Amino acid sequence: MSDIRPEPGAYEGKQETRYASDPDRLFLPPDDDLAPNRPGEALRVRLAEQPRARAALWCARLLGRRPPQDAWRRRLLGEQAVGTALDLLTAGGWYVIHSVPLPPAAVIGHLLIGPGGVLCVDTHDVRGARVRVAEDGVRSSRGHESWPYVRESRQHARRAAYVLTRGCRFRVEVRPVLAFVGAVDVRLDPALRDVRVIRDEREVPQLGRLGGVLAPDRVERVYTVARNRRTWLRA
């Protein structure tokens, strides 16, 4: 099997040529364009803005404290793993926008737009844990922790559907997706039907097989609206 992959942005470049007449895309200021975002862009910015010297981090860990930078780096690794897998779907007619800002401080990890519709993908690094995904949240065997990931994913998808519908002027449905990285085991509550769960990044290609939801012209319109940072100011 060939391991040759398209150059980053090659497929998008062809699409851009075809739809260059769209004024919303043609005149989008570079500073407002989310398309160049890398996986984990928001976390990269946070780490750059709040660096800590290695000695300070080492002392904090020695004293049993967990500096927030450790959690940010772990989350960044998860975002990169899932984001890289999502980027490979662009050869099949999909677009991916990473780190979509939701005011005042939330972020959609990845927005996947293509023939199978619009998917709001939130990534969580749960390395070494066994997790159970229920209707109301995610529970971990590690310290019996409980996280509101399911509720947050639904909220992100609802907010995305609202702003994209308003910006596109046709109804845009957005489906929430939870993607886990590093889990030992992921079990799903059979009652959970509205949130799709990706157990690890190796399952991401399954999303690329979805279809029959958006026609090509609507895929392009949603992508044009979604990549504009100002669109999300109304979320």
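The table that follows gives values for the structure above.
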{"quantity": "Qualifying residue in region 136-157 (condition: touching a Pro at 6+ places or on another chain (Cβ under 9 Å), closer than 17 Å to Gly83 by Cβ and open to solvent by less than 30 Å² (accessible area, probe 1.4 Å))", "calculated": "yes"}
{"quantity": "Test: residue in region 159-173 that is touching a Pro at 6+ places or on another chain (Cβ under 6 Å) and touching a residue at least 12 places away in the same chain (Cβ under 8 Å)", "calculated": "no"}
{"quantity": "Elements of type helices (runs of 4 or more DSSP H) in region 5-49, at least 1 residues being more than 19 Å from Val225 (Cβ to Cβ) and modelled with pLDDT under 55", "calculated": "10-18"}
{"quantity": "Residue list for region 204-235, filter: in contact with a strand residue (DSSP E or B) (Cβ under 9 Å, 6 or more places away or on another chain), surrounded by fewer than 13 Cβ atoms within 10 Å (Cβ to Cβ) and assigned to a helix (DSSP H, G or I)", "calculated": "Gln206, Leu233"}
{"quantity": "Positions within region 152-208 being touching a helix residue (DSSP H, G or I) at 6+ places or on another chain (Cβ under 6 Å) and of a type in the set (Lys, Arg), in sequence order", "calculated": "Arg171"}
{"quantity": "Candidates Leu119, Leu102, Leu86, filtered to the one that is closer than 19 Å to Ala161 by Cβ and within 11 Å of the chain's Cα centre (by Cα)", "calculated": "Leu119"}
{"quantity": "Single residue of region 177-198 satisfying the filter (open to solvent by 30 Å² or more (accessible area, probe 1.4 Å) and closer than 17 Å to Leu112 by Cβ) that is nearest to the chain's Cα centre (by Cα)", "calculated": "Arg196"}
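The values are calculated or read from the model by the stated rules, or taken from the named source; none is laboratory data. A quick note: this is a predicted structure, and the numbers were derived from the prediction, not measured. Don't worry about glycine lacking a Cβ; one is built from the backbone with ideal geometry, like all the others, and counts go over all protein chains shown. The area values use the complete protein model at the heavy-atom level, side chains included, leaving out ligands, DNA and RNA. Shrake-Rupley method; radii C 1.70, N 1.55, O 1.52, S 1.80 Å.
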